[in-house]
1. Could you grab me the full set of residues in segment 290-311 that are buried (at least 19 other Cβ atoms within 10 Å of the Cβ) and in contact with a helix residue (DSSP H, G or I) (Cβ under 8 Å, 6 or more places away or on another chain)?
2. Hey, does segment 152-171 have a residue that's touching a helix residue (DSSP H, G or I) at 6+ places or on another chain (Cβ under 7 Å) and either touching a residue at least 24 places away in the same chain (Cβ under 8 Å) or surrounded by fewer than 17 Cβ atoms within 10 Å (Cβ to Cβ) (or both)?
3. What number of residues in segment 154-182 are closer than 16 Å to residue 276 by Cα and modelled with pLDDT under 75?
4. Out of all the residues in segment 262-306, which are touching a strand residue (DSSP E or B) at 6+ places or on another chain (Cβ under 8 Å), farther than 17 Å from residue 362 by Cα and not in a loop (DSSP other than H, G, I, E, B)?
5. Just one of the numbered conditions (1) farther than 29 Å from residue 293 by Cβ; (2) touching a helix residue (DSSP H, G or I) at 6+ places or on another chain (Cβ under 7 Å); (3) modelled with pLDDT under 75; (4) assigned to a strand (DSSP E or B) is not true of residue 459; which one?
6. Test residue 391 against the criterion of being at pLDDT below 80 and either touching a strand residue (DSSP E or B) at 6+ places or on another chain (Cβ under 6 Å) or assigned by TED's automatic domain parsing to the domain that holds residue 374 (or both), and give yes or no.
7. Just to be sure I understand the filter: pairs with C-beta atoms under 6 Å, separated by 6 or more residues or on different chains, first member in segment 372-391 and assigned to a helix (DSSP H, G or I), second member modelled with pLDDT of 80 or more. Which pairs pass?
8. Do you know which residues across segment 74-94 are farther than 27 Å from residue 488 by Cβ and in contact (Cβ under 8 Å) with a residue 60 or more places away in the chain?
């Protein structure tokens, strides 16, 4: 583990190298830096909880990742666009999907598990998209479809095919044991600067490199509103790994968001959207702790059965609301006589590498709840619900379940990737790229360089005439979930 400390930075006080280049060129140091400094971040903490430590990012030279999603019993259709009125009794609703294997007669189930669409007609396609006339299944003309379930990229699951008496033909068999998924490595950037007379903190990292040599490097720890700007950048990136949404066509690769100048900007699905094909349960704000506990038990039984084992260890993650509900439901099990479930007092709340972990020992295996700040957004007032006396945004009460295991191929179910490429024989990692634009402050170069005759001539070279030191931070990374069927979701019902 790297040692992280702080020191005063300003007017030539640093006598060591700038940290940015080392993080780009030495993946081991980058990983040590992230785990040591940012172990509390949502994805880093979740992966640490599941796999015992934060796995190193895998490197790829491509901007896109394509992988096979396992454990899906049937390949879904994906929504491209919709038009018309999606309510019971309407005859003008249309939906365009990415697959050519959908025909009249098919019945499709939306991601809420309740809404069904009936395909009445197949229209002409262009090889990449296929339009269909559909009707909402039901018997109450007041029932309408939540259109968020029909946003681009949403999954439609084939149920069966219904036909009238005397029909001419049936629906072609639609079956697949897996699906291919595509993700992108998103580019995220932030910048900040220090004025010429400013004195601030510097992060100093000390770590042993792969050759056994001790390395020291510095990075400015500029703070605003009490938070470091490098922490701000890292938190924003990990929020995207949780909440990101793809903006490109999986089949054609077309990117739908561009800059004002027309250049494409890639965005990819985060963990939550990739769990769309995980089993999902719902609970109501009015449900008792006993009712929620029974639902938790059903989820754990399902996951154990899915793994083919009587006991497995689990990680549950969510916001502060989810933690409050989860802990209360588990306490209810103890009080109700569930003698095989015990919350060990000394393990009630343990702090591991800045993680907030609540651990229980059960007949199904060990269950750890890892609190994630990614699900605590206090600004989402419009979705607030009150459960067991706790009032928070609804997403804070959602829970996500993961088995503590690796796949049969030795890989993790959740894998993170960073863009990397070889430049003059040197592998450059774009997981965290830090740039320094030296200005007219007088302390851009470290003292050790100034005191060496061969570099003294360059000590007054600057990149800008501005009286400030400017810093740019860039990350290009992505995340994949290879087997969503092994995971599960418990979501609070939104009215």
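1. If the condition is that a residue be buried (at least 19 other Cβ atoms within 10 Å of the Cβ) and in contact with a helix residue (DSSP H, G or I) (Cβ under 8 Å, 6 or more places away or on another chain), then 292, 293, 296, 303 are the ones that fit.
2. Checked segment 152-171: at least one residue is touching a helix residue (DSSP H, G or I) at 6+ places or on another chain (Cβ under 7 Å) and either touching a residue at least 24 places away in the same chain (Cβ under 8 Å) or surrounded by fewer than 17 Cβ atoms within 10 Å (Cβ to Cβ) (or both).
3. 3
4. Once the filter is applied, which keeps residues that are touching a strand residue (DSSP E or B) at 6+ places or on another chain (Cβ under 8 Å), farther than 17 Å from residue 362 by Cα and not in a loop (DSSP other than H, G, I, E, B), segment 262-306 yields 264, 271, 272, 274, 275, 276, 277, 280, 281, 282, 283, 291.
5. (4)
6. Answer is no for this residue.
7. Filtered contacts from segment 372-391: 374/239; 374/242; 375/318; 375/319; 375/395; 375/396; 383/393; 383/394.
8. Across segment 74-94, the qualifying residues are 80, 81, 82, 86.
The values are calculated or read from the model by the stated rules, or taken from the named source; none is laboratory data. Note that the structure is a prediction, hence the values are computed from the model and not measured. FYI the Cβ positions are ideal-geometry reconstructions off the backbone, even for glycines, and counts take in every protein chain you see.
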